[in-house]
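Have a look at the structure below before the remarks.
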């Protein structure tokens, strides 16, 4: 009985120390992985995005996604969005290593916001993650230092 209680307390302590981690995978790691998948054009990243509500860089992707009524149409849209994001990222000279100082910017029970600085600029990328049920990216937006 004591061993079970010790294991329970140890598990709770580790969970508290990891703060924001689910299964050892932090919100920061989730945001980095999702950006990496989008930048590389990985179709697997589609499962990390909440498509019906997703907003990216000023575009209401969810509204466009909702126009497709069949699963085939939605699948095509997801793949096209990911491919276009990747092409635009690479054509614009984007490099994953240019995103630095990844950090948890804020969180509540339903969402977490991860921020990363864009090297050589005053820009900050904000990744908003829904945390109810399975974690999903709900927005990527730019901000600037000083306007946080």
Hey, any hits in region 35-46 for a residue that's at pLDDT 95 or above and out of contact with any helix residue (DSSP H, G or I) (no Cβ under 9 Å at 6 or more places or on another chain)? no
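Okay, residues lined up against (1) farther than 19 Å from residue 29 by Cα; (2) under 17 Å from the mean Cα position of the chain (by Cα):
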position: 64; (1), (2): yes, no
position: 89; (1), (2): yes, yes
position: 100; (1), (2): no, yes
position: 103; (1), (2): no, yes
position: 107; (1), (2): no, yes
position: 125; (1), (2): no, yes
position: 137; (1), (2): no, yes
Which ones in region 100-110 are assigned to a strand (DSSP E or B) and either closer than 19 Å to residue 51 by Cα or without any contact (Cβ under 8 Å) to a residue 24 or more places away in the chain (or both)? 100, 101, 106
From the residues in region 39-76 that are touching a strand residue (DSSP E or B) at 6+ places or on another chain (Cβ under 8 Å) and part of a helix (DSSP H, G or I), which one is nearest to residue 89 (Cα to Cα)? 61
Filter region 111-134 for residues that are under 18 Å from residue 50 (Cα atoms) and modelled with pLDDT under 95; which is surrounded by the fewest Cβ atoms within 10 Å (Cβ to Cβ)? 133
Considering region 77-99 alone, what residues qualify as being assigned to a helix (DSSP H, G or I) and touching a helix residue (DSSP H, G or I) at 6+ places or on another chain (Cβ under 7 Å)? 77, 78, 79, 81, 82, 85, 86, 89, 96
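The values are calculated or read from the model by the stated rules, or taken from the named source; none is laboratory data. Just so you know, these numbers come straight off a predicted model, no measurement behind them. With ideal geometry, Cβ positions are generated from the backbone for all residues, glycine too; neighbour counts draw on all protein chains shown.
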